[in-house]
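Trainee: Attaching a single structure in structure tokens format; questions to follow.
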Amino acid sequence: MRAIMPIGGLLTVILLFAACSRAPEQQPTFETATKPVSTTTVVDDKAMSDEAAGENWLAFGRTYSEQRFSPLDQVHTGNVSQLGVDWYIDLTNTRGLVATPLVVDGVLYFIESMNRVRAVDASSGEELWMFDPKVVENHGADMRVGWEHNRGIGIWKDKLYLATWDGRLIAVDRVTGKEVWSVRTFEKGAPLYITGAPKIFKGKVLIGNGGTEAGPNRGYVTAYDAETGSQAWRFWIVPGNPADGFENEAMRMAAETWTGEWWKFGGGGNAWHGFTYDAELDSIYIGTGNGAPWNRKVRSPDGGDNLFLCSIVALDPESGEYKWHYQTTPGETWDFNSNMDIVLADLEIEGRTVKALMHAPKNGFFYVIDRETGKLISAEPYAPINWATHVDMETGRPVERLGARYEDGSEFITPTPIGAHSWHAMSFNPQTGLAYIPVIHAVAKYDDEGVDLTSWESSAFEGDTIAVGWSWSYDEGIPSNTLQARDPVTNQTVWEVPMPGLSNPGTLTTAGNLLFQGRVNGDLVAYDARTGDILWTYPTGLGISAPPVTYSADGRQYIALLVGWGGGAAGLGGKVSVDNGWAYGVHTRRLVAFSLDGGTPLPPQPPPAPQQPVEMLQFEVDPELADAGFGEYASRCMVCHGFDAVSPGMAPDLRASSLLAWDDAFAAIVRDGARQQNGMPAFRHLSDEQLLKIRHYVRQEAEKGY
């Protein structure tokens, strides 16, 4: 039986929004390594390009190709049913776990809540060191919206790199966990945040940020020197005010595709995920975000493609200079960003070898692109689509359906702002020739009938930054998920299997003809990568949001993943996510490693059960206050605590909180920051009347539920 290593203590309140005083930046802390950490493997361009070495997992997609394919085959279709838990770690000081762990020389590194990074022995789970960047203490006073989770870390030579929610890029010593350098990637208090993993190549660390929905933002990515932290280059994704001049010819070109005074709204394009380095062609590909605000009627009122929103942009890795681009959704107006992963492979298409990239963005089309030129090879729907009929192969542009841009004020659209495929990683198996995509099937209603399109202004961190409303449209079909295997050569679906719930996590595929994926119902599943047949299922006891990885240590192949329900679906997933039953604060988060020799029992979790509202006889709801409270709740609370005040599990269900009965207690937490160190922000600008409206709205929703 393997060691069980509990880590940390219990935080009682989720940290999704954060605010603190403008104090000097707090120094991070670290716990000293308990035993030496090996640095035998030199993590550099050569190692990152080596597809044949399977013992390590060096980057988000394992190697530069981002295929998430491992050549390990000790575990295969014939024996995968013998997998068992080898070791596990209880993570009692964390919540939403969505990251890809990295493994180098028998050490597993991972990032958890509040950007804490841990190093553990990959064959036992023994903790080696922990680094805490003190995210709560370093937030600016105006910081509000963001996410407390993070998708991953990066490693280069003797350093590990993490990007924090509050905008710092930090290098730590991989052996000791001590900080080496730290730089700010945006100003303290700016309406931005970071949830993505750094991309490292050629001695540079690339990072972007999120924030399109947080305020007036102009997206960019920045490369830093991996040794010193000094800025190497920055590429702006959308043009700024022409009166200020343009940074380069690419921005001058892009400005011709915008209208009105877009720079007053920022423009958007924030790149928070979807970075791929092509070592063979020496290019870095950037997947870019949606517009700020979403509604093109506001940000670019006379139309236009609005470059480089929702695009793949190829840049020179040394200088950041523009090479080429392909825009997946010209003039986008639905939050159909292209921040999804960009996967590289050589494909045999029509008798020739094409250096291709594969991309399945939110808009529902699967793209195969010649990465040498940016020329479109094929684009076909991989999910139901009604905003466009097809992609014109002559122009490379989608052919939109009349009315899809909610010209009459509202429209039912599929995919939704969550996307047909979100950031959850797809994988590609060169043996089967198939790409594996977690697909979302859903319909949303877009509605801008109440928006003043001529005088709309954006604010920071108030939840009113998109200039259009949206909601799940259950009458058009309950959101559902499938796992799809797609042939990129024919651009057709080979097999597809249903999955439970909404927003199932990313995939891993191996030379053992296996495909691994966690599910929102808590199952880790192994499929035959050729057929989609389920070969093995293990119930972990809690919804999974992170993708698995595989590695070997001491001759044994492991499959490891973080188990901790989280991500956007745990806050905004609506009824489908609530039905999972992963109530806030009930279930233990874990890191679990499996092997063929595994025989460690995983302690049972409480059964899934959504939180139930409590009755308050002493609280009489005022309907007028409650109606007014909806706007206050929607702009500040909904992204954490859920639609209709019903939480899918990322934050407490406020309908079950007794604190709503007491003026002083509620104000002490929400406005005065009594639980700020536990993660609850201080909304100091809220008046007594605003707080009262929120309380009445939540109680009104609570009374509907019992």
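Please treat every number below as a calculation from the coordinates, not as lab data. Owing to the predicted nature of the structure, the values given are computational and were not obtained by experimental measurement. Don't worry about glycine lacking a Cβ; one is built from the backbone with ideal geometry, like all the others, and counts go over all protein chains shown.
Trainee: Based on Cβ point charges of +1 for Lys and Arg and -1 for Asp and Glu, what charge dipole magnitude is obtained for the chain about its Cα centre, in debye rounded to the nearest 20?
Mentor: Roughly 1160 debye for the chain.
Trainee: Got a sec? How would LEU660, LEU602, LEU402 order by Cβ neighbour count within 10 Å, fewest to most?
Mentor: Ranked by crowding around the Cβ, least crowded first: LEU402, LEU602, LEU660.
Trainee: Another question about this same structure. Are there any GluC sites (Glu not before Pro) in segment 604-706 that are in a DSSP loop and have at most 14 other Cβ atoms within 10 Å? List them by number.
Mentor: Answer in residue order: GLU615, GLU620.
Trainee: Helices from the chain with mean Kyte-Doolittle at least -1.0 and a Cα length along the axis of 18 Å or more, per DSSP H: which?
Mentor: Qualifying helices, which must be both long enough and hydrophobic enough, are 623-636.
Trainee: Only loop residues by DSSP count here, and only those with at most 14 other Cβ atoms within 10 Å; note down the GluC sites (Glu not before Pro) in segment 368-457 that meet that.
Mentor: GLU394, GLU407, GLU449, GLU457
Trainee: Report the Rg/Rh value for segment 253-352, based on alpha-carbon coordinates and the Kirkwood definition of Rh.
Mentor: 1.04
Trainee: Once segment 649-699 is represented by equal point scatterers at the alpha-carbon sites, with solvent omitted, what log10 I(q)/I(0) does the Debye formula produce at q = 0.28, 0.29, 0.32 Å⁻¹?
Mentor: Computed log10 I(q)/I(0) values: -1.24, -1.29, -1.35.
Trainee: Still on this structure: Expressed as a rounded percentage, what relative contact order does segment 619-674 have, with Cα pairs under 8 Å and six or more residues apart?
Mentor: For segment 619-674, the relative contact order is 17 percent.
Trainee: Using θ = phi - 60° and the Karplus relation 6.51 cos²θ - 1.76 cosθ + 1.60, list the HN-Hα couplings for segment 132-137 in order, rounded to whole Hz, with x at every Gly or Pro.
Mentor: Using θ = phi - 60°, the values come out as 10, x, 6, 5, 4, 5 Hz.
Trainee: Using θ = phi - 60° and the Karplus curve 6.51 cos²θ - 1.76 cosθ + 1.60, what whole-Hz ³J(HN,Hα) does each residue of segment 419-435 get, with Gly and Pro shown as x?
Mentor: x, 6, 9, 8, 6, 4, 5, 8, 9, 9, 9, x, 6, 8, x, 10, 9
Trainee: Write down, largest first, the equivalent ellipsoid semi-axes of the chain in whole Å, where each equals the square root of 5 times an eigenvalue of the alpha-carbon gyration tensor.
Mentor: 34, 32, 26
Trainee: Further question on the same structure: For segment 537-546, in order, what is each residue's ³J(HN,Hα) by Karplus, 6.51 cos²θ - 1.76 cosθ + 1.60 with θ = phi - 60°, in whole Hz (x at glycine and Pro)?
Mentor: Each residue's phi maps through the Karplus curve to give 9, 10, x, 7, x, 7, x, 10, 10, 9 Hz.
Trainee: Let me have the relative contact order for the chain, percent, based on Cα pairs under 8 Å that are six or more residues apart.
Mentor: 14
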